[in-house]
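The values are calculated or read from the model by the stated rules, or taken from the named source; none is laboratory data. All figures in this text were calculated on a predicted structure; none of them were measured in a lab. Every residue, glycine among them, receives a Cβ derived from its backbone with ideal geometry; neighbour counts consider all protein chains shown.
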Amino acid sequence: MQYAEIPLPALDGLVKTLWTLRCDGAPDAVVEHDATPDGCLEVIRRLDGRSSWGRAQPRPSSPA
């Protein structure tokens, strides 16, 4: 698992940090990790695979 935080100076005051999490393996493999709530709104963009927060999340949709 590879984690990185990337500052976005162009969006200073609007976006605190862009963070990425990359996991190798099959898209349907389960990779568990802990995330500590920080009170920030998060926008999640998934390129492959699925997530589960108490229940399975929907598959990503293809752009129209």
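Listed values, structure above:
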{"read-out": "Test: residue in segment 17-26 that is modelled with pLDDT of 75 or more, among the small types (Gly, Ala, Ser) and over 15 Å from the mean Cα position of the chain (by Cα)", "value": "yes"}
{"read-out": "Filter result (of a type in the set (Lys, Arg) and surrounded by 10 or more Cβ atoms within 10 Å (Cβ to Cβ)) within segment 30-48", "value": "Arg46"}
{"read-out": "Residue that is surrounded by the most Cβ atoms within 10 Å (Cβ to Cβ), among those in segment 1-29 that are touching a residue at least 12 places away in the same chain (Cβ under 8 Å) and of a type in the set (Val, Ile, Thr)", "value": "Thr17"}
